[in-house]
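Asker: Could you have a look at this structure, given as structure tokens, before my questions?
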Amino acid sequence: MNRETTPTRITDKIMELCRGIVPEVAPIYVPVEAAGWSQPHECFPNVHRMVQEHGGQQVNGWAIWQWANILIDAEAHSVWESPDGCLRDITPHDYGEQKILFLRDDGMVYSGKRIGSVRQALTESSLVAEYIRLINERDQIMDGTPGKMCKIPTSLMIRLVQISEVFHSEVDRNAPCPCQSGLKYKKCCGRSW
């Protein structure tokens with residue numbers, strides 16, 4: 001199955017998720033122009049440094065990611081607003097995304113601790129619901145504190161890996177979807193989005 005990346009279009013489900021986070025703001029696409037020195041997964045310090053060196057301002061909010069037709073994930077993220085008012089994502093991403101879908105949240109304050117993601121299933125699958133519940137449980141245990149990864153129960157991590165492997169399994173388009181929704185793969189997690 002596909003990996004989590006920038007949605008190709010803003011769907012009703014994405015708008016529903018965004019309205020649940022910041023009701024009065026619509027998500028927009030922001031180009032990724034990674035600074036040569038910026039570190040992956042370190043958007044808040046990256047943007048802080050960019051503001052110090054080049055002016056402009058830090059804009060906090062949520063990067064909206066979509067994992068096939070499985071789930072959408074709003075991840076706390078920061079982008080740079082240049083002195084001329086243009087938004088740019090200066091943080092490189094794992095899969096070389098050229099743009100991100102960004103929901104501005106002027107109420108978000110970053111204090112050095114991880115801010116939990118907000119997730120929503122895109123299918124009625126109980127396996128997807130279990131996966132989201134387990135990821136949220138893992139995030140709550142970690143709560144942004146270094147060293148907490150070792151406190152996550154092994155059984156939780158094993159189950160997350162098991163479910164992830166199911167979602168990443170090779171499936172014929174006409175076979176039952178591995179997410180256990182009861183639909184064919186092409187009508188469920190393999191559907192074009």
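Asker: In segment 26-42, is there at least one residue being under 15 Å from the mean Cα position of the chain (by Cα), assigned to a helix (DSSP H, G or I) and over 19 Å from Cys188 (Cα atoms)?
Answerer: Looking through segment 26-42, none of the residues is under 15 Å from the mean Cα position of the chain (by Cα), assigned to a helix (DSSP H, G or I) and over 19 Å from Cys188 (Cα atoms).
Asker: Looking for whichever is aliphatic (A, V, I, L, M), part of a strand (DSSP E or B) and under 24 Å from His168 (Cα atoms) here; the options are Ile64, Ile14. Which one fits?
Answerer: None of the other options fit; the residue is Ile64.
Asker: Show the residue pairs meeting these rules: Cβ distance below 6 Å; 6+ apart or different chains; first residue within segment 116-131 and of a type in the set (Gly, Ala, Ser); second residue in a loop (DSSP other than H, G, I, E, B).
Answerer: Note: pairs meeting the criteria are Ser125/Cys179; Ser125/Gln180; Ser125/Ser181.
Asker: How many residues does segment 104-143 hold that are surrounded by fewer than 17 Cβ atoms within 10 Å (Cβ to Cβ), acidic (Asp, Glu) and touching a strand residue (DSSP E or B) at 6+ places or on another chain (Cβ under 7 Å)?
Answerer: Of the residues in that region, 0 qualify.
Asker: If I filter segment 138-153 down to residues being over 19 Å from the mean Cα position of the chain (by Cα) and basic (Lys, Arg), which single residue comes out as modelled with the lowest pLDDT?
Answerer: If we take residues in segment 138-153 being over 19 Å from the mean Cα position of the chain (by Cα) and basic (Lys, Arg), then Lys148 is modelled with the lowest pLDDT.
Asker: Could you tell me which of the residues Ile135, Ile100, Ile115 is in a loop (DSSP other than H, G, I, E, B), under 14 Å from the mean Cα position of the chain (by Cα) and among the aliphatic types (A, V, I, L, M)?
Answerer: Among Ile135, Ile100, Ile115, only Ile115 is in a loop (DSSP other than H, G, I, E, B), under 14 Å from the mean Cα position of the chain (by Cα) and among the aliphatic types (A, V, I, L, M).
Asker: Just one of the numbered conditions (1) within 23 Å of Asn136 (Cβ to Cβ); (2) open to solvent by less than 90 Å² (accessible area, probe 1.4 Å) is not true of Lys151; which one?
Answerer: That leaves (2) as the condition not met.
Asker: Sticking with this structure for a sec: Looking at segment 159-180, I want the residues that are over 14 Å from Ser125 (Cβ atoms) and have a partner that is open to solvent by 30 Å² or more (accessible area, probe 1.4 Å) and of a type in the set (A, V, I, L, M) with Cβ atoms under 6 Å, at least 6 apart or on another chain. Which pairs are those?
Answerer: Taking only residues 6 or more apart or on different chains, the pairs are His168/Met1.
Asker: Within segment 16-33, which residues are without any contact (Cβ under 8 Å) to a residue 60 or more places away in the chain, surrounded by 13 or more Cβ atoms within 10 Å (Cβ to Cβ) and more than 11 Å from Trp80 (Cβ to Cβ)?
Answerer: Once the filter is applied, which keeps residues that are without any contact (Cβ under 8 Å) to a residue 60 or more places away in the chain, surrounded by 13 or more Cβ atoms within 10 Å (Cβ to Cβ) and more than 11 Å from Trp80 (Cβ to Cβ), segment 16-33 yields only Arg19.
Asker: Then there is this: Out of Ile10, Ile64, Ile14, Ile72, report the one residue that is of a type in the set (A, V, I, L, M) and closer than 11 Å to Ile100 by Cβ.
Answerer: Ile64
Residues checked against (1) touching an Asp or Glu at 6+ places or on another chain (Cβ under 8 Å); (2) under 18 Å from Asn46 (Cα atoms):
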residue: His93; (1), (2): no, yes
residue: Lys113; (1), (2): yes, yes
residue: Ala121; (1), (2): no, no
residue: Leu127; (1), (2): no, no
residue: Glu130; (1), (2): no, no
residue: Arg133; (1), (2): no, no
residue: Gln140; (1), (2): no, no
residue: Gln162; (1), (2): no, no
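The values are calculated or read from the model by the stated rules, or taken from the named source; none is laboratory data. This is a predicted model, so every value here is computed, not measured. Glycine gets a Cβ as well: all are built from the backbone with ideal geometry, and neighbour counts include every protein chain shown. We work out accessible area using only protein heavy atoms, side chains counted, and drop any ligands, DNA or RNA first. Shrake-Rupley method; radii C 1.70, N 1.55, O 1.52, S 1.80 Å.
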